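Derivation of every value follows stated rules applied to the coordinates shown; laboratory data play no part. Predicted model, so just to flag it, every value in this text is computed and none were measured. When we count neighbours, we look across all protein chains shown, and the Cβ atoms used for this are built from the backbone with ideal geometry, even at glycine.
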Amino acid sequence: MRPREAMPVESGRAPMPIGPYSQAIAAGAFVFVSGQIGIDASTGKLVEGGVLAQAERIFSNIAAILAAEGCTLRNVVKCELYLKDINDFKAVNEAYARHFSAEPRPARQAMQVAALPMGALIEVSCIAALKK
């Protein structure tokens, strides 16, 4: 079987990229979702309310992007979390656990970074397996 060629994935229910990249790319058996920050798609601005509000928005945006390719958060196999302050890890972890409650949960890594686009407090990227 020939591997599926790379194709962009786009959802109008998630914010458009703020740079020269795609919301996601479907290639082979996977969807690679670009790093998402807590932007409200209707306003183009970061949501207010701190890191937890931004994390919740990010997971909603990722779900919308995956839905455009017929997937859900249950298809996610790997996440990368970038935190402006690693002390926010506990709060983010609680939101993460709510959105990724089904087993097996995705593999994951989390790290503190010096800065994120638009002054965001968190950014999340992920890889999802396409449904067969």
Check your understanding: Taking only pairs six or more apart or across chains, which ones have beta-carbon atoms under 6 Å, a first residue in the stretch 66-94 that is within 10 Å of ALA128 (Cβ to Cβ) and touching a residue at least 12 places away in the same chain (Cβ under 8 Å), and a second residue that is small (Gly, Ala, Ser) and assigned to a loop (DSSP other than H, G, I, E, B)?
Key -> ARG74/ALA102
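Kindly check whether there is at least one residue in the stretch 108-117 that is touching a residue at least 60 places away in the same chain (Cβ under 8 Å), under 28 Å from ALA27 (Cα atoms), surrounded by 11 or more Cβ atoms within 10 Å (Cβ to Cβ) and not small (Gly, Ala, Ser).
Looking for residues that are touching a residue at least 60 places away in the same chain (Cβ under 8 Å), under 28 Å from ALA27 (Cα atoms), surrounded by 11 or more Cβ atoms within 10 Å (Cβ to Cβ) and not small (Gly, Ala, Ser), one finds at least one in the stretch 108-117, hence yes.
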Review point. How many of the residues in the stretch 88-111 are closer than 11 Å to LEU52 by Cβ and among the aliphatic types (A, V, I, L, M)?
Key: 3
Check your understanding: If you scan the stretch 61-73, which residues turn out to be out of contact with any Lys or Arg (no Cβ under 8 Å at 6 or more places or on another chain) and surrounded by fewer than 17 Cβ atoms within 10 Å (Cβ to Cβ)?
Key -> THR72
Review point. Can you tell which of ILE39, ILE25 is surrounded by 15 or more Cβ atoms within 10 Å (Cβ to Cβ), of a type in the set (Val, Ile, Thr) and within 22 Å of LYS131 (Cα to Cα)?
Key: ILE25
